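See structure below.
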Amino acid sequence: MINKINSAITECFVGKDEVVKSLLTCLLAGGHVLLEDVPGVGKTTLAKTLSKVIGADFGRIQFTPDTMPSDVTGVSVYNAKTGEFEVKAGAIMHEIVLADEINRTTPKTQSALLEAMSEGHVTVDATELLLPEVFMVIATQNPIEFMGTYPLAEAFTDRFMMKLSIGYPDKDSEIKLTELHLKGMTPESATNVCSPADISAMRKAVDAVTVSKAVIEYTENIVTLTRESKDFTVGASPRAMLSLIKAAQATAYLDGRDFVKPDDIKACAVNVLHHRLTLTSEARIRKESIDKLITALVLQAKIPMERGL
């Protein structure tokens, strides 16, 4: 099933296999993704293709400065016939939600997503609306255009399991992408290979992937090193550690294993921790790279010596 999903996505989204694998990792781990990249590299295409391939209900919220929280969560509308207020669900009530240019709306509207991403429900005038069992937010933002934007608060970015960057395709992939476009290949033409119920079943299988105490200690060592590092203003949070372990479980599952290895933690560390760490002013002056610093800390952490790992 995983191979079918991956193949169906890469038929439309060409040349970025690692990005697709990371997206599937978050999907199976029950996490959300922040896509930060320049316009036109396929962020929307990736989100729409994923929803079509897994048969999920797709919703898109185009964030602007005048987008209201009620546009996201919903609003109560007075029904003149019944004389009562009725709750009209907002755009968040979908299985795969593309929060496009999330940094272009106000913090008040951004925070409307927090309850949905953390609790699995939204509240509209004291009425609780449950979100679909399979629910995933794929948010996008432009890293080079800051005029008229509202930077995401650290408490908000911490809700995203991973931050990914697609980047420009290589020459062969870009040529193939153009050929597919000329042939009319769009996300709508992607092959549906499973249902949200299948994703729910795989999520339960991911939950059953064994994580030994030694691997937990190894992960905690990495998190502690980020807190002790003089290059970061604040270290990774306990939520970051839980996200890293959950992503490692999904990585092991994608590789056909029922247990987590230290290599799974290593494979996820940069994508899970990058957006949760901020460089100090001294580190910025030295032009340090967050990704390189995380990689160095991962190599510095003590690997558990346990049979089977």
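The values are calculated or read from the model by the stated rules, or taken from the named source; none is laboratory data. Here the structure is a predicted model, which is why all the values come from computation and not from measurement. Using ideal geometry, Cβ is built from the backbone for each residue, glycine included, and neighbour counts are taken over all protein chains shown.
Being modelled with pLDDT of 90 or more and either among the small types (Gly, Ala, Ser) or not assigned by TED's automatic domain parsing to the domain that holds THR191 (or both) is true for just one of ALA91, ALA80, ALA99. Which residue is that?
Working: ALA91 fails: modelled with pLDDT of 90 or more; ALA80 fails: modelled with pLDDT of 90 or more.
Selected residue: ALA99, the only one of ALA91, ALA80, ALA99 that is modelled with pLDDT of 90 or more and either among the small types (Gly, Ala, Ser) or not assigned by TED's automatic domain parsing to the domain that holds THR191 (or both).
Pull up segment 199-244, narrow it to residues that are among the hydroxyl-bearing types (Ser, Thr, Tyr) and in a helix (DSSP H, G or I), then point me to the one that is surrounded by the fewest Cβ atoms within 10 Å (Cβ to Cβ).
Taking segment 199-244 first, the residues among the hydroxyl-bearing types (Ser, Thr, Tyr) are 200, 210, 212, 218-219, 224, 226, 229, 233, 237, 243.
Checking the rest, the ones that are also in a helix (DSSP H, G or I) come to 200, 218-219, 224, 226, 243.
Details: SER200: 13, TYR218: 23, THR219: 26, THR224: 15, THR226: 23, SER243: 26.
Residue satisfying both the conditions and the ranking: SER200.
So THR105 ticks every box in (1) touching a strand residue (DSSP E or B) at 6+ places or on another chain (Cβ under 8 Å); (2) under 24 Å from LEU34 (Cβ atoms) but one. Which box is left unticked?
All conditions pass for THR105, except number (1).
Looking at (1) surrounded by fewer than 16 Cβ atoms within 10 Å (Cβ to Cβ); (2) assigned to a loop (DSSP other than H, G, I, E, B), which is the only condition LYS292 fails?
The number of the failed condition is (2).
Let me spell it out: the conditions are (1) under 23 Å from LYS21 (Cα atoms); (2) over 17 Å from the mean Cα position of the chain (by Cα), and ASN271 meets all of them except one. Which number is the exception?
Status for ASN271: all satisfied but (2).
Return the only residue of GLY83, GLY30 being out of contact with any helix residue (DSSP H, G or I) (no Cβ under 9 Å at 6 or more places or on another chain) and at positive phi.
Working: GLY30 fails: out of contact with any helix residue (DSSP H, G or I) (no Cβ under 9 Å at 6 or more places or on another chain).
Only one candidate qualifies: GLY83.
Given (1) surrounded by fewer than 18 Cβ atoms within 10 Å (Cβ to Cβ); (2) free of Cβ contacts under 8 Å to residues at least 60 places away in the same chain, where does ASP170 come up short, assuming only one miss?
(2)
I'd like to verify a number: residues in segment 39-75 that are part of a strand (DSSP E or B), under 17 Å from LEU131 (Cα atoms) and of a type outside the set (Phe, Trp, Tyr), how many? Even if it seems obvious, please write down each step before you answer.
The first filter runs over segment 39-75 and keeps only residues part of a strand (DSSP E or B), leaving 58-62, 74-75.
If we keep only those that are under 17 Å from LEU131 (Cα atoms) as well, we get 58-61, 74-75.
Add one more test, that the residue is of a type outside the set (Phe, Trp, Tyr), and what stays is 59-61, 74-75.
Number satisfying all stated conditions: 5.
Residues in segment 1-19 that are in a helix (DSSP H, G or I), among the hydrophobic types (A, V, I, L, M, F, W, C) and surrounded by fewer than 18 Cβ atoms within 10 Å (Cβ to Cβ): how many? Let's see the steps before the verdict.
Pass one, segment 1-19, residues in a helix (DSSP H, G or I): 2-12, 17-19.
Keeping just the survivors that are among the hydrophobic types (A, V, I, L, M, F, W, C) gives 2, 5, 8-9, 12, 19.
Keeping just the survivors that are surrounded by fewer than 18 Cβ atoms within 10 Å (Cβ to Cβ) gives 2.
Residues that pass the stated criteria total 1.
Is it the case that some residue within segment 64-73 is in contact with a helix residue (DSSP H, G or I) (Cβ under 6 Å, 6 or more places away or on another chain), without any contact (Cβ under 8 Å) to a residue 60 or more places away in the chain and of a type outside the set (Ser, Thr, Tyr)?
Scanning segment 64-73, I find at least one residue that is in contact with a helix residue (DSSP H, G or I) (Cβ under 6 Å, 6 or more places away or on another chain), without any contact (Cβ under 8 Å) to a residue 60 or more places away in the chain and of a type outside the set (Ser, Thr, Tyr), so the answer is yes.
Quick check on my filter: what residues within segment 32-63 are modelled with pLDDT under 90 and within 18 Å of LEU113 (Cβ to Cβ)?
The answer is GLU36, LYS43, THR44.
Go through (1) polar (S, T, N, Q); (2) closer than 19 Å to ILE175 by Cα; (3) under 16 Å from the mean Cα position of the chain (by Cα) for THR10 and report which single condition fails.
(3)
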